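Since the structure comes first, as structure tokens, the remarks are kept for the end.
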Amino acid sequence: MQGGGPTSPRCSSTSDCFPLGHLNTAECGSETSAEPEKHEVKANNTHTALSRMRSIMVFYICYLLCLCLGLACVVCVCYWSERWRGGFAWDGSPLQFNWHPVLMVTGLVVVYGIGAVLYRIPLTWGQNKLPWKLLHAALMLIALVLSIVGLCAVFDFHNANNIPNLYSLHSWIGIAATALFAIQWVVGVAGFLLPCSPISLRKLLKPVHVWMGAGILTLSIAACISGINEKLFFVLFCPTTNGSDLTLGLRIWLTRHCFKKKMNEGMTAHRIKPSHAKSVQPSQISRGQEISILNVGSALSTSRAIADEVILKVGGATAAARVQSLAPICFRGSERTVLSSDKRALTKMLATKHLPCCTVILFVLLKLTLAQYEHLGYPPGYPDPEQEQYTAPQLTPDTPRIQLRLAGDKRKHNEGRVEVFYNGEWGTVCDDDFTIHAAQVVCRELGYLEAISWSPSSKYGKGQGPIWFDNLHCTGKEKTLALCPSNGIGVSDCKHSEDVGVVCSDKRIPGFKFINTLPNHIENLDIQVEDVRIRPILSSYRKRIPVTEGYVEVKDGGKWKQICNTEWTQFNSRVICGMFGFPGERKYNARVYKMFARRRKPTYWDYSVNCTGNEAHLSSCKLGQAESLKSNGTCAAGLPVVVSCVPGRAFSPTPMSGFRKAFRQEQPLVRLRGGAIVGEGRVEVLKNGEWGTICDDNWNLLSASVVCRELGFGTAKEALSGGRLGQGMGPVHMNEVECSGFEKSITECFFNKEALGCSHEEDAAVRCNVPAMGFQERLRLSGGRTPFEGRVEVLVERNGSLVWGTVCSDGWGTMEAMVVCRQLGLGFASSAFQETWYWPGEVSADAVVMSGVRCSGTEMSLSHCLHHGAHLSCPRGGGRNAAGVSCSETAPDLVLNPQVVEQTTYMEDRPMFMLQCAFEENCLASTSNQVPANSYRRLLRFSSQIHNNGQSDFRPKASRHSWVWHDCHRHYHSMEVFTLYDLFSLNGTKVAEGHKASFCLEDSECDEGIEKRYECANFGEQGITVGCWDTYRHDIDCQWVDITDIKPGDYIFQIIINPNYEVPESDYTNNILKCRCRYDGHRVWMYSCHNGGSLSTETEQTFPGLLNNQVTHR
């Protein structure tokens, strides 16, 4: 059949000819017909197709322009946030807010708009709808997720900075749009994508879905516009806002307004003559003067920029505001008048239809606000703490420059022989005419509040070198000892047997003085710094404990001041971090702090600091001359100093939580022992699998700081010598240690391997700077006679408020008291009390708020111990039965001598009739109850030599009037269980045991120069003096283990002193002694004896079964 007839058309319809909007006139137009009517119909169809093609092309062009506009919008918002607002972060800072506009514009406007227009694209006509539905749903889901994240960003920022949420119309519009969007998406997926949804439901939902989608897009755009307007008004009336926000807002508003004016007026709009336009000059505006704006250009071609500089005098305060051609201004209208000091008039104008006339005022108020902000102080969140002020000594050019220290045989850091550094040499002070007034001068110059006493006749040992001062006559008010009248520096007829010593108060004067004698030898420079702090700026760091990042501020003249960072180095930051208890420094986000610096005018300190990085304190750094500050007091070429410190593992503000893969931590090579608080103790190092001490020869702050940083603390506060924190056992591994201060470990320092002439009386110790954790603020002692004793009261949260309350005394013991004293910084516990009726305490804090407390003794805070949660259980109740403690700065430390046990061990068979007293005291095995009197018991006998290496005497808990009399042995027991003796198989099973009561604690022998204090004869006082030891000989009753029922073999022997922790000690880990024991049925040997904690972990593991029988605190 021939083509061309009506029965065989090549194109049945227009839609067939143009299936996807593509015109095919060549094929359809070639059809001819003889009838005029058919020819006319074909012409009409061709015209319709051409018109439709033009419409489709216009749509594609508009769609492409919309895509470009959306992309440009996203790029502009990102660039604005990155370039003008400092970038992005998620830490509660203003940088976190920047995520909100970027994510909301990208998701709720651009991506949403692309997804909504997807069905209008001609490409989708006549195709399978399912893939396009899935793409539509995916785009909408992406937009929804971005919107939710954007809302989370702004809400989290508000919460971190105490800003209320949903406080404006913009907030409610945005929330409404997001909520409707979420509902729209869920309903759309359920109605159009689920196969089970009926056709009738889809027909019903389709118009609602379409119009609701358009409404959501309208709400989204309204939210964006209201957000811009809100930001514009905030930057006008909030003095803490970035000026770049106002610049952007005004650019948008002016562009929109000028475009609107242009469109309304058309090309025939009346143009004002140039002579009618007046520019605003600085001289034209002053206090009380009216600002006249006369028809300032209406069209873009005739608009002009605002004057470069406008001076406003409002309320007497002059502020310079420089406005630089931010945007062309379009105005048309009659003359408008606004008083510059009348804020209400300005507000009224903003609310009228004459809004364009306020643009000049908006520009001026922007810069005025920024200028006024420079005069603002710190925000309300940073009050200056009130601290005791101290006037620094003022030296004259003729005053000898001296430096003081306390040295000699001493036990505390605040006492000792007075030594003076002058002319490059250390010397002493003679006690002739020395008084308490001179001691006051010495103590205050050393940084202590006052002097307690002074001691003549070289009580702290004889010094060396010259005697610099003699016949001192001080009034007590002198700034330095060099100002006191004397015979003259270096003029003396004294000997070193007359060296004077002082005891100062333990409380120090707030702040410090830069050391002039050593690195800061600048004439007439004597700078006293009252305090130094790291003040957190970002809200995320203000909530953290400890504070690890912020401005470095110096308190000078009662005011906190920042330091200009022009000459600041990372070595300075390292020293600052070390001072505050952190081992190192790290980089920080400088852009955030630049934003804060621009918003307020810092008050800068007058000096610069130059540290080498190994100083233990800022006072040891070199103090530079006054900084070259600008005339307005700002930093000439920098910003305030910011430091960010790395906390040690124990003080990390964000500890890891949840489950993690187990790992074996490498054993450290250094440790501290015998300290009362965290970060102090005797230094012990691990060498060849055995722990040993360091001799104090050449021991200084540099070496001590290396130890502190290695352990995760800051720099060293004190480098202690002379066994100040107790004496160790075992070898002395290091002597004459010399460190540069940058070593990672003390083992990397130079040292002498030979320790000839060193004993444990010269063991070195440290006190490290530790971060301020705020533990002391949540605990107190109440009702005691001194600050070192009282009822324990804790601060807890109850029903949303903080309340003080007592601790239940059920199970309260020495370990819990140790943690309390450590938390309060009061040293060791001397007693733990389960009744405190004699300490009334605070009446409002009688209620029990903590019960079931069980501590291991190593916790930093009582809240770290095991205790009941919200459900308290205290049968005894609080009040008079509340827990109490008594603290002491020192404590004993008992240590067994392993060599004595090895050398005195033997086996004895003893008849039962000679063991009646031991049988009464339960010193034999349980099978002894069933044997006849003429049988024998096989006893493993040995001697115990117990040393007191601590800082105070070991005294029984009970007073002698409470000692228990044993008639069979005819003596008193001051402690019913003083030692435990146990024998274990190699798999850790206990096979035999024994115990010994302290029937006589006395000084059997003492080190040279120490006198015995305790003797059991005639019911005397019992105890062990520091530096002495008590020997329980092998031939006394119960000094054995009954091994009658033990088979021959290899065993582990263990002795534990003070097992129930009745008497507090500075270190319980060395109360254990372990030995290898071999028994062949006829003889017994002890070998490889060592104290607990004296060997490495690997060496300890060579003792099979011990891991199952470690001493626990409960």
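Any read-out appearing in this document is the output of simple, stated calculations on the displayed coordinates, not a laboratory observation. From a predicted model like this one, the values you see are computed outputs, not experimental measurements. Glycine gets a Cβ as well: all are built from the backbone with ideal geometry, and neighbour counts include every protein chain shown.
For the stretch 89-94, the Karplus equation 6.51 cos²θ - 1.76 cosθ + 1.60, evaluated at θ = phi - 60°, returns couplings of 7, 9, 9, x, 7, x Hz by residue, with Gly and Pro reported as x.
Note on the stretch 865-986: the C-alpha convex hull projects to 14.0 nm² when averaged across all orientations. In the structure displayed, which of Lys601/Lys717; Lys462/Lys507; Lys555/Lys601; Lys507/Lys744; Lys717/Lys744 lie more than 23 Å apart, Cα to Cα? Correct reply: Lys601/Lys717; Lys462/Lys507; Lys507/Lys744. For the residue pairs Lys543/Lys587; Lys753/Lys1074; Lys459/Lys559, the C-alpha atoms sit more than 31 angstrom apart in Lys459/Lys559. When a/c is below 1.5 the answer is rounded, else prolate if a/b is larger than b/c, else oblate, so apply that to the stretch 818-885 with a ≥ b ≥ c taken from the square roots of the Cα gyration tensor eigenvalues. Oblate is the answer for the stretch 818-885, as a/c is 1.5 or above yet b/c matches or exceeds a/b.
Averaging over all projection directions, the Cα-based convex hull of the stretch 85-237 occupies 10.5 nm² in the image plane. With kT/(6 pi eta Rh) evaluated at 25 °C and eta = 0.890 mPa s, and Rh the Kirkwood radius from Cα pairs, the stretch 528-647 diffuses with a coefficient of 169 µm²/s according to Stokes-Einstein. A Förster distance of 30 Å, applied to the separation of the beta-carbon atoms of Val931 and Asp967, puts the FRET efficiency at 0.80.
Note on Arg202, Arg709: ascending count of other Cβ atoms within 10 Å places them as Arg202, Arg709, the fewest first. Between Leu64 and Ile436, the modelled labels are 9.7 nm apart [label points 7 Å from Cα along Cα→Cβ].
Rounded, prolate or oblate for the stretch 670-768? Axes are the square roots of the Cα gyration tensor eigenvalues, ordered a ≥ b ≥ c, and the cut-off for rounded is a/c under 1.5. Judged from the Cα gyration tensor, the stretch 670-768 comes out rounded (a/c under 1.5).
In a reduced charge model with +1 at each Lys and Arg Cβ and -1 at each Asp and Glu Cβ, the stretch 775-888 shows a dipole moment near 60 debye about its Cα centre. Multiplying each eigenvalue of the alpha-carbon gyration tensor of the stretch 894-1108 by 5 and taking the square root yields semi-axes of 27, 24, 14 Å, largest first, rounded to whole angstroms. A simple charge model with +1 on the Cβ of Lys and Arg, -1 on the Cβ of Asp and Glu and nothing else charged puts the dipole of the stretch 528-647 at about 720 debye relative to its Cα centre. From least to most packed, judged by other beta carbons within 10 angstrom and beginning with the fewest, Ile537, Ile1055 follow the order Ile537, Ile1055.
Using the Cβ of Arg910 as centre and a radius below 12 Å, the other residues enclosed give a net charge of -2, where K and R count +1 and D and E count -1. Dipole magnitude for the stretch 413-570: computed about the Cα centre from +1 point charges on Lys and Arg Cβ and -1 point charges on Asp and Glu Cβ, it is near 1060 debye. Distance between the C-alpha centers of the stretch 687-751 and the stretch 397-464? Whole Å please. Their Cα centres are 26 Å away from one another. For the stretch 790-855 versus the stretch 59-120, the inter-centroid distance based on Cα atoms is 57 Å.
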